[in-house]
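Peer 1: The structure is given below, and queries will be raised subsequently.
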Amino acid sequence: MKKLTQIIEKKKEQIKNDELVNERNMYLDFAKKYHKKHGVSGPFDEKFKGNKIEQRKYMEGLSKAWEEYKKNKRIKIKKKKDFIKESLNESKAAEMAKKMVGDGGDPNYHFVTMSDDYYFEKDGKMIKYSASPESAPLQIKTTPTIGSYTFGPFLNFDESKLFCESIELDEINGPRMVKIEDRKSGEVFSRYLICKLQPVWAEEEISIKGSENIESEETEELKDPNAEYTYRNEEE
């Protein structure tokens, strides 16, 4: 009896997951057409220049268009979910990722997570900002979770990679890192920014009058407060 109950519960969970994936796939397909119609790759397109207000307006417009589309097509979904809100607030996708990533289960769902994290080099080693913020060359303003947002689930790697590539990395406003994780292996792909501080040369003049040395002010600062970011791809 106990075994039968477990089978029933497992089947219910599978049906629930299938419904979630089905609706999300319908939304993703609609979103791709919506982005194409508006000439952008998504809310993080360079067109918005990292403006959070404009990004939110665009996503609200997408949400309204999606609801109108479902109404016109008479699409009825048993369990309503606001995917726009979930995407912006890291809701169910993040919870599912925490439970499923690396658990070896089937189907092998994929999740995409973006964050403000970045890498920097120290003593010949690549270090994550979140692992050692006190020794990082550049401090950033972010949230306790390093501005982390999770999207998914995606049915396969190609689908999640396509979504991942639509996210533009931005050294000023973020995100600075995006990664793909699945149930089978955990992290399978990542794209991130590396912060490198470049040396700056300053010119100095000395006027000698008798025994007096008069030093002129430096024309430039010895250290550059700004950092140069470069891209790096990593696959496993």
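The values are calculated or read from the model by the stated rules, or taken from the named source; none is laboratory data. Computed from a prediction, not measured in an experiment: that's the story for all the values here. Cβ sites come from the backbone with ideal geometry, for glycine too, and all protein chains shown count toward neighbours.
Peer 1: Please specify each residue of the range 118-138 satisfying the condition of being under 20 Å from the mean Cα position of the chain (by Cα) and loosely packed, with under 11 Cβ neighbours inside 10 Å.
Peer 2: Correct list: Ala131 only.
Peer 1: So, restricting to strands (runs of 3 or more DSSP E) that lie completely within the range 109-200, which ones have at least 3 residues that are touching a residue at least 12 places away in the same chain (Cβ under 8 Å)?
Peer 2: Hits in the range 109-200: 110-115, 119-122, 149-154, 177-182, 186-196.
Peer 1: From (1) within 12 Å of the chain's Cα centre (by Cα); (2) surrounded by 19 or more Cβ atoms within 10 Å (Cβ to Cβ), pick out the condition that doesn't hold for Ser166.
Peer 2: Evaluating Ser166 over (1) within 12 Å of the chain's Cα centre (by Cα); (2) surrounded by 19 or more Cβ atoms within 10 Å (Cβ to Cβ) leaves (2) as the failure.
So that you can scan it fast, the table gives a plain yes or no per residue for (1) of a type in the set (Val, Ile, Thr); (2) more than 30 Å from Val101 (Cα to Cα); (3) at pLDDT 80 or above:
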| site | (1), (2), (3) |
| --- | --- |
| Lys179 | no, no, yes |
| Asp182 | no, no, yes |
| Tyr192 | no, no, yes |
| Ala202 | no, yes, yes |
| Glu212 | no, yes, no |
| Glu220 | no, yes, no |
| Pro225 | no, yes, no |
| Glu236 | no, no, no |
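Peer 1: Here's another thing I want to ask about it. Please go through the range 139-153 and pick out each residue that is under 15 Å from Leu169 (Cβ atoms) and more than 14 Å from the chain's Cα centre (by Cα). Spell out the reasoning first.
Peer 2: Taking the range 139-153 as the starting set, the residues that turn out to be under 15 Å from Leu169 (Cβ atoms) are 140, 142, 146-149.
Scanning the range 139-153 gives a single hit, Ile140.
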